[in-house]
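Structure incoming, see below.
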There are 2 protein chains.
Amino acid sequence: MRDRPDIWCTSPSTSGVSSHLTHDYNEHTAAEINGRLIANEIKATLATEVSNMKNSINKVPGLGVILVGKRKDSLTFVRIKKKACEQVGIASVVTELPEDCTESEVLDAVSMLNHNESVHGILVQLPLPNHLCEEKIINAVKVEKDVDGFHPVNMGNLAMRGREPLFIPCASLGCIEVLNRCSVEILGKKAVVIGRSMITGLPTSLLLQRHHATVSVVHSFTKNPEEITCEADILVSDVGVPNLVRSHWLKPGVVVIDMGSTLVKEKKNSCGDVCYEEAMHKASAITPVPGGVGPVTISMLLSNTLEAAKRAYQWTQKS
Amino acid sequence: MRDRPDIWCTSPSTSGVSSHLTHDYNEHTAAEINGRLIANEIKATLATEVSNMKNSINKVPGLGVILVGKRKDSLTFVRIKKKACEQVGIASVVTELPEDCTESEVLDAVSMLNHNESVHGILVQLPLPNHLCEEKIINAVKVEKDVDGFHPVNMGNLAMRGREPLFIPCASLGCIEVLNRCSVEILGKKAVVIGRSMITGLPTSLLLQRHHATVSVVHSFTKNPEEITCEADILVSDVGVPNLVRSHWLKPGVVVIDMGSTLVKEKKNSCGDVCYEEAMHKASAITPVPGGVGPVTISMLLSNTLEAAKRAYQWTQKS
């Protein structure tokens, strides 16, 4: 919630924070925010802390993942999360269940992880097959292990001023982390969030509000969304519509956090919500897709898991 | 969540909904929304349903109120709520505790009401004295009896799309009820909420969003709030600053829901956030203070309590 100086109307000679930014000053182009670099820095810090925990109390954080079915995107996400855990020394265990499993089998798997003392964080990879009740399954995750932050108690406490959720959803944390690392001031700024998904848009709007931005949420029922987005100092998009956000949607100098990610077959790569080429000539800084806020989101999952373990063991790193 | 036709740019001959509105067409003046009339209509419906419940299963809904200390405003609110319960046949019981009581005494009172089968709704009159932890006490209220809707599980489920909170805070319900009864369309409209209190501003912004308005939240860190409010089709204010909202804050034709209420000693009456005289010449409709959304809020508390009792007894009125 700290107030940070706003440095994005900056001269070419900025240093320090500029290490996350690539800027071409020959003509106006936005600084590209290097999410992989930020994620690596965070992971290095987490790895040190995990190692200190191990040396100090001979324990490491543990993440339990529940994966139902074999959706290609879910398999990829779970593999990425598992690998990231390994990189920082977090133990991970994946419970795989068949596509046609029953709700009670999933609830049993959640219960097992709830009771497993070496598992400090639990995530249920979404989306679940349609025959399973996502609400019932997420609500079954112990609030103290809800590292995804999707339990209604955590979401409610995120919404309510003066309350502290145990966990905040990783993509929203990733968004704030990117803004902070690039020294973008949030307090008092106009922030517009496009999209209101439970996973990203909604919690990000709540978190930006906690940081005292003036937040507007634009969604599919909004008429002329560009009239609202073009007032934004900070624009966050999370709808999964490639190139939805065009140049005239943007205020000159806006900081763009593109959380959309859609696999475009022709490009054989994922594509964000924002027309990158156009935004480059209008924004002051922008996260690319891929390589923007995505890797930072993963590192926030690791951070939440370490936090859960620290609470479980009542361990604090001596500084 | 129903979509309603927008009728506020209407001719003088409107009927039906106009019974809640007083309009002077000699010069442009906003229609005054008569909250007392709306509240009386709601209470008449609730009284019939309570009476039917009594005749059918010999039970009536029960509301348990916890009042700590003798704050003048709290005493007044509790008296009003008690009287409203009597009007519709809801039983009410007030647990009064001294200003200097301990937290465990309050928690014991909550626990007693949680276990009392004839009490279906519980409310803790806020604010509590500073030495008591509001969060701990509100979290102790059984979610199924949380008729104020302030429990984080209910607030989280209000925020999350596709989830249904058991209860929604009464002031927010009152706001939507007023808009619905005056046939103000919400879907796709720009709504601006001034203030983000847990009791009113925050849940109202979440509820307006559930009704598919495009919502912006303005607060004390917002620079030039009038630049945002003057775009609003629906303006909700809840900050408790008399006459904060002036004519130039308003878009012509806006519907104003004034939820602020500050006791002004010189006037010996409460005063809203909106400069009423100025707004009368700009808005299409406005709730006065007093007599606007306040009485409707109280009737929503009765409605939530009846709902809680219906769930507890699994009773449904035959139509």
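Counting only residues that are of a type in the set (Lys, Arg) and within 19 Å of the chain's Cα centre (by Cα), which one in the stretch A:69-101 is farthest from residue A:54 (Cα to Cα)? Steps first, please.
Let us first name the residues in the stretch A:69-101 that are of a type in the set (Lys, Arg), namely A:70-72, A:79, A:81-83.
Next cut, within 19 Å of the chain's Cα centre (by Cα) only: A:79, A:81-83.
Details: A:79: 24, A:81: 21, A:82: 19, A:83: 19 Å.
For the stretch A:69-101, the residue satisfying everything is A:79.
Just to confirm my filter: which helices (runs of 4 or more DSSP H) fall fully inside the stretch A:152-270 and include at least 1 residues that are surrounded by fewer than 18 Cβ atoms within 10 Å (Cβ to Cβ)? Steps first, please.
Numbers: elements: A:152-159, A:170-181, A:201-210, A:225-229.
Correct list: A:170-181, A:225-229.
Now for a separate question. I'd like to know if the stretch B:139-160 contains one or more residues that are among the basic types (Lys, Arg) and farther than 28 Å from residue A:168 by Cβ. First the steps, then the outcome.
Of all residues in the stretch B:139-160, those among the basic types (Lys, Arg) come to B:142, B:145.
After this cut, where a residue has to be farther than 28 Å from residue A:168 by Cβ as well, the list is B:145.
Yes, that holds for at least one residue.
Does residue B:187 count as facing chain A (nearest Cβ under 7 Å), under 20 Å from residue B:257 (Cβ atoms) and touching a residue at least 60 places away in the same chain (Cβ under 8 Å)? Break it down stepwise before answering.
Numbers: facing chain A (nearest Cβ under 7 Å): yes; under 20 Å from residue B:257 (Cβ atoms): yes; touching a residue at least 60 places away in the same chain (Cβ under 8 Å): yes.
In short, yes.
Regarding the stretch A:284-305, can at least one residue be identified that is under 24 Å from residue A:176 (Cα atoms) and over 20 Å from the mean Cα position of the chain (by Cα)?
Taking the stretch A:284-305 first, the residues under 24 Å from residue A:176 (Cα atoms) are A:284-305.
Those left that are additionally over 20 Å from the mean Cα position of the chain (by Cα): A:284.
Checked against the condition, which is being under 24 Å from residue A:176 (Cα atoms) and over 20 Å from the mean Cα position of the chain (by Cα), the stretch A:284-305 yields at least one hit.
Could you please give the count of residues in the stretch B:100-123 that are under 19 Å from residue B:165 (Cα atoms) and either among the β-branched types (Val, Ile, Thr) or within 14 Å of another protein chain (Cβ to nearest Cβ) (or both)? Step through it out loud before you land on a result.
Pass one, the stretch B:100-123, residues under 19 Å from residue B:165 (Cα atoms): B:114, B:120-123.
With the extra rule that they be either among the β-branched types (Val, Ile, Thr) or within 14 Å of another protein chain (Cβ to nearest Cβ) (or both), the set shrinks to B:122.
Summing the residues that are under 19 Å from residue B:165 (Cα atoms) and either among the β-branched types (Val, Ile, Thr) or within 14 Å of another protein chain (Cβ to nearest Cβ) (or both) in the stretch B:100-123 gives 1.
In addition: Taking the options A:65, A:143, name whichever one is buried (at least 18 other Cβ atoms within 10 Å of the Cβ), among the aliphatic types (A, V, I, L, M) and modelled with pLDDT of 95 or more. It would help to see each step written out before you state the result.
Values: A:143 fails: buried (at least 18 other Cβ atoms within 10 Å of the Cβ).
Result: A:65 is the single residue among A:65, A:143 that is buried (at least 18 other Cβ atoms within 10 Å of the Cβ), among the aliphatic types (A, V, I, L, M) and modelled with pLDDT of 95 or more.
Residues checked against (1) within 17 Å of residue B:73 (Cβ to Cβ); (2) hydroxyl-bearing (Ser, Thr, Tyr); (3) touching a residue at least 24 places away in the same chain (Cβ under 8 Å); (4) in contact with a strand residue (DSSP E or B) (Cβ under 8 Å, 6 or more places away or on another chain):
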site	(1), (2), (3), (4)
B:219	no, no, yes, yes
B:228	no, no, yes, yes
B:233	no, no, yes, yes
B:243	no, no, yes, yes
B:262	yes, yes, no, yes
B:279	no, no, yes, yes
B:286	no, no, yes, yes
B:304	no, no, yes, yes
B:314	no, no, no, no
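Scan the stretch A:278-288 and tell me whether some residue there is assigned to a helix (DSSP H, G or I), open to solvent by less than 10 Å² (accessible area, probe 1.4 Å) and closer than 18 Å to residue A:145 by Cα.
Restricting attention to the stretch A:278-288, the residues satisfying the condition of being assigned to a helix (DSSP H, G or I) are A:278-280.
If we keep only those that are open to solvent by less than 10 Å² (accessible area, probe 1.4 Å) as well, we get A:279.
Those still in the list that are closer than 18 Å to residue A:145 by Cα too: none.
No: zero hits.
Quick one: is residue A:168 under 20 Å from residue A:78 (Cα atoms) and more than 8 Å from chain B (Cβ to nearest Cβ)? Break it down into steps so the answer makes sense when it comes.
Values: under 20 Å from residue A:78 (Cα atoms): yes; more than 8 Å from chain B (Cβ to nearest Cβ): yes.
So residue A:168 passes the test.
Give the stretch B:108-130 a look and list any residue that's over 21 Å from residue B:303 (Cβ atoms) and surrounded by 18 or more Cβ atoms within 10 Å (Cβ to Cβ), or say none.
B:109, B:110, B:128
Out of everything in the stretch B:124-144 that is over 16 Å from residue B:167 (Cβ atoms) and in a helix (DSSP H, G or I), what residue ends up being nearest to the other protein chains (Cβ to nearest Cβ)?
Let us first name the residues in the stretch B:124-144 that are over 16 Å from residue B:167 (Cβ atoms), namely B:125, B:127-137.
Among the residues that remain, those that are also in a helix (DSSP H, G or I) are: B:134-137.
Details: B:134: 8, B:135: 6, B:136: 11, B:137: 13 Å.
That would be B:135.
The values are calculated or read from the model by the stated rules, or taken from the named source; none is laboratory data. It should be emphasised that the depicted structure is a prediction, and the values quoted were computed from it without experimental measurement. Because the Cβ atoms are built from the backbone with ideal geometry, glycine has one as well, and the counts that use them run over all protein chains shown. With ligands, DNA and RNA removed, areas are computed over all heavy atoms of the protein, side chains included. Shrake-Rupley method; radii C 1.70, N 1.55, O 1.52, S 1.80 Å.
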